[in-house]
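Inspection log for the structure reproduced underneath, given as structure tokens.
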Amino acid sequence: MPARVDPPLALLAELTHRCPLACPYCSNPVNLERAAGELSEQDWRRVLAEAAALGVLQVHFSGGEPMARRDLLALIGEANGLGLYSNLITSGALGGAREIEAFAKAGLKHVQLSFQDFSADNGDRIAGLSGAHDRKTRFAEAVRAAGLPLTLNLVVHRQNLDGVPQMIEMALKLGARRVEIAHVQYYAWAFANRAALLPTRRQLDQATEAVEAARQRLKGVLTIDYVVPDYHGVRPKSCMSGWGRQFINIMPSGIAVPCHAAETLPGIAFPSVRTNSLSDIWHESDAFNRFRGTDWMAEPCRSCDRREIDWGGCRCQAFLLAGDAGRTDPVCTLSPDHSVVAAAVQEAEGLPPAFVYRRYSNAPTSTRPSGEPN
Ligand code: SF4
Ligand code: FES
């Protein structure tokens with residue numbers, strides 16, 4: 001464990017798992033939390049105060065769809081009063097101009113709005129909700145009318161990747177300042193749908209080229225962030241910028257985790273804000289200290305010169321693909337488990353299966369495709 005741990009930069013407040021959309025790549029767990037199990041407004045107010053006292057600078061209100069919570073306006077106001085920079089991460093499928101104006105007045109600083117595609121037909125098909133794309137378009141207009149900066153969040157995969165140039169045009173028309181084009185990360189629902197979502201190499205190369213061209217053309221007009229799928233790379237992403245280094249996620253139930261998928265890791269008791277202070281969770285808990293720094297690493301990470309760059313990749317992916325969260329992330333070509341990833345990329349060249357949509361009643365019986373370690 002490092003001698004001194006800096007406070008987290010940001011708190012991800014997952015207010016609810018409820019959401020009118022059913023995206024097959026949702027990062028929420030396959031066992032979704034129901035409304036009755038969610039933290040109360042009073043609990044969240046306390047958590048926000050503890051976050052500010054701990055030194056957190058930003059709060060990201062997320063879900064599910066955070067606008068499904070009636071107390072969102074009050075929580076934005078609370079965060080603002082505590083001096084926290086607040087960001088709303090939303091599908092834009094609930095609410096509109098009236099709510100956005102009120103949020104802006106309460107101190108909301110930024111909106112991150114997701115789109116499933118540039119085309120309404122394909123967007124609605126991916127979201128599993130008819131009319132979703134049109135609602136999002138109106139929502140984006142309301143955000144701009146309220147004077148709030150807008151980032152479009154475009155989660156890309158095999159079934160929308162060819163439309164990247166048109167998605168960038170859409171972002172320009174909607175007045176976004178920034179667009180985040182992020183390939184699906186394969187956990188939870190996305191892992192269950194991996195064979196339907198993993199792009200082919202040809203698709204990936206074309207999309208990357210389109211992004212590079214747009215970046216040149218739109219310099220100073222639109223900032224384009226682009227997160228490539230690590231399955232196709234040679235080294236892993238620095239997941240969450242390292243375990244317990246910058247982020248603390250609070251799930252709807254109050255469980256605190258260093259990343260959105262950590263709850264799936266066996267043998268770790270993740271603490272709850274219902275029983276522990278945020279400071280205690282961040283500094284003292286075994287869960288947040290388990291993979292901090294580099295002491296926990298085995299070879300090949302232990303002696304690798306990238307160990308403080310990517311922090312050995314993703315612990316949840318190591319567990320999901322190699323059955324042990326303490327192993328090197330198998331997307332790294334130096335990992336002894338890398339063949340699992342190579343096989344998945346190869347499989348993506350075939351025909352994609354149908355989606356398993358994210359719904360409360362639709363949890364797949366197994367999140368691991370057959371042939372992978374249990
Ligand atoms: Fe990163 Fe470990 Fe691979 Fe080195 S061996 S690049 S530290 S995952
Ligand atoms: Fe958990 Fe990467 S998602 S460490």
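Quick note: the coordinates plus some simple rules give every number you see, no bench work behind them. Everything numeric here is computed off the predicted structure, so don't read it as measured data. Here the Cβ positions follow ideal geometry from the backbone for every residue, glycine too, while neighbour counts run over all protein chains shown.
Enumerate the pairs (first residue in the range 294-314 and closer than 22 Å to Gln246 by Cα; second residue anywhere and in a loop (DSSP other than H, G, I, E, B) and more than 6 Å from ligand 1 (Cβ to nearest atom)) with beta-carbon separation below 6 Å, excluding pairs fewer than 6 apart on the same chain, so at least 6 apart or on different chains.
These pairs meet every condition: Arg307/Thr294; Asp310/Ser238; Trp311/Ser238; Trp311/Gly242; Gly312/Met297.
Can you name every residue in the range 160-183 that is surrounded by 20 or more Cβ atoms within 10 Å (Cβ to Cβ) and touching a Pro at 6+ places or on another chain (Cβ under 7 Å)?
Leu161, His183, listed by residue number.
Filter the range 268-287 down to the residues that are in a loop (DSSP other than H, G, I, E, B) and among the polar types (S, T, N, Q) and list them by number.
As a first pass, look at the range 268-287 and keep what is in a loop (DSSP other than H, G, I, E, B): 268-271, 273-277, 285.
If the condition is that a residue be in a loop (DSSP other than H, G, I, E, B) and among the polar types (S, T, N, Q), then Thr275, Asn276, Ser277, Ser285 are the ones that fit.
Does Asp324 fit the bill of being under 30 Å from Arg34 (Cα atoms) and over 24 Å from the mean Cα position of the chain (by Cα)?
no
Restricting to the range 230-266, what's the tally of residues that are assigned to a loop (DSSP other than H, G, I, E, B) and within 14 Å of ligand 2 (Cβ to nearest atom)? Give the steps one after another, and end with the answer.
So in the range 230-266, the residues assigned to a loop (DSSP other than H, G, I, E, B) come out as 233-238, 242-246, 251-254, 258-261, 265-266.
Next, only the ones that are within 14 Å of ligand 2 (Cβ to nearest atom) stay: 236-238, 242-246, 251, 258-261, 265-266.
Here the count works out to 15.
Can you tell me which residue within the range 296-306, out of those that are of a type outside the set (Gly, Ala, Ser) and away from ligand 2 (no atom under 15 Å from the Cβ), is nearest to Ser238 (Cα to Cα)? Please lay out each step first, then the result.
At the first step, the residues of the range 296-306 found to be of a type outside the set (Gly, Ala, Ser) are 296-297, 299-302, 304-306.
Of the ones still in play, those that are also away from ligand 2 (no atom under 15 Å from the Cβ) are 299-300, 302, 304-306.
Numbers: Glu299: 17, Pro300: 16, Arg302: 15, Cys304: 14, Asp305: 14, Arg306: 10 Å.
Among those that are of a type outside the set (Gly, Ala, Ser) and away from ligand 2 (no atom under 15 Å from the Cβ), it is Arg306.
I need the full set of residues from the range 215-237 which are under 23 Å from Arg327 (Cα atoms) and either of a type outside the set (Gly, Ala, Ser) or under 14 Å from the mean Cα position of the chain (by Cα) (or both), in order please.
Start the filter on the range 215-237 by keeping residues that are under 23 Å from Arg327 (Cα atoms), which leaves 228-237.
Val228, Pro229, Asp230, Tyr231, His232, Val234, Arg235, Pro236, Lys237, listed by residue number.
Scan (1) within 30 Å of Met170 (Cβ to Cβ); (2) within 16 Å of ligand 1 (Cβ to nearest atom); (3) not hydrophobic (A, V, I, L, M, F, W, C) for the single condition Arg315 breaks and write down its number.
Answer for Arg315: the failing condition is (1).
What's the total number of residues in the range 321-335 that are in contact (Cβ under 8 Å) with a residue 12 or more places away in the chain and either charged (D, E, K, R) or away from ligand 2 (no atom under 16 Å from the Cβ) (or both)? Full working, then the answer.
Here is the first cut: in the range 321-335, the ones in contact (Cβ under 8 Å) with a residue 12 or more places away in the chain are 321-323, 325-335.
Of the ones still in play, those that are also either charged (D, E, K, R) or away from ligand 2 (no atom under 16 Å from the Cβ) (or both) are 327, 329, 333-334.
Matching residues across the range 321-335 total 4.
Among the listed residues Val155, Val211, Val164, Val228, identify the single one that is closer than 26 Å to Val345 by Cβ, among the hydrophobic types (A, V, I, L, M, F, W, C) and touching a His at 6+ places or on another chain (Cβ under 7 Å). Reasoning before the result, please.
Numbers: Val155 fails: touching a His at 6+ places or on another chain (Cβ under 7 Å); Val211 fails: touching a His at 6+ places or on another chain (Cβ under 7 Å); Val164 fails: touching a His at 6+ places or on another chain (Cβ under 7 Å).
Criteria check complete, one pass: Val228.
If I filter the range 331-344 down to residues being within 28 Å of Thr294 (Cβ to Cβ) and more than 9 Å from ligand 1 (Cβ to nearest atom), which single residue comes out as surrounded by the most Cβ atoms within 10 Å (Cβ to Cβ)?
Our first condition is that a residue be within 28 Å of Thr294 (Cβ to Cβ); within the range 331-344, this holds for 331-342, 344.
Now drop any that are not more than 9 Å from ligand 1 (Cβ to nearest atom), which leaves 336-342, 344.
Working: Pro336: 12, Asp337: 18, His338: 18, Ser339: 10, Val340: 17, Val341: 24, Ala342: 13, Ala344: 19.
The selected residue is Val341.
If we keep just the residues of the range 263-285 that are of a type in the set (Asp, Glu) and farther than 18 Å from Ala318 by Cβ, which is farthest from ligand 1 (Cβ to nearest atom)? Steps first, please.
Looking only at the range 263-285, we keep the residues that are of a type in the set (Asp, Glu), and these are 263, 280, 284.
Filter once more, keeping what is farther than 18 Å from Ala318 by Cβ: 280, 284.
Working: Asp280: 30, Glu284: 27 Å.
Applying the filter and picking the extreme gives Asp280.
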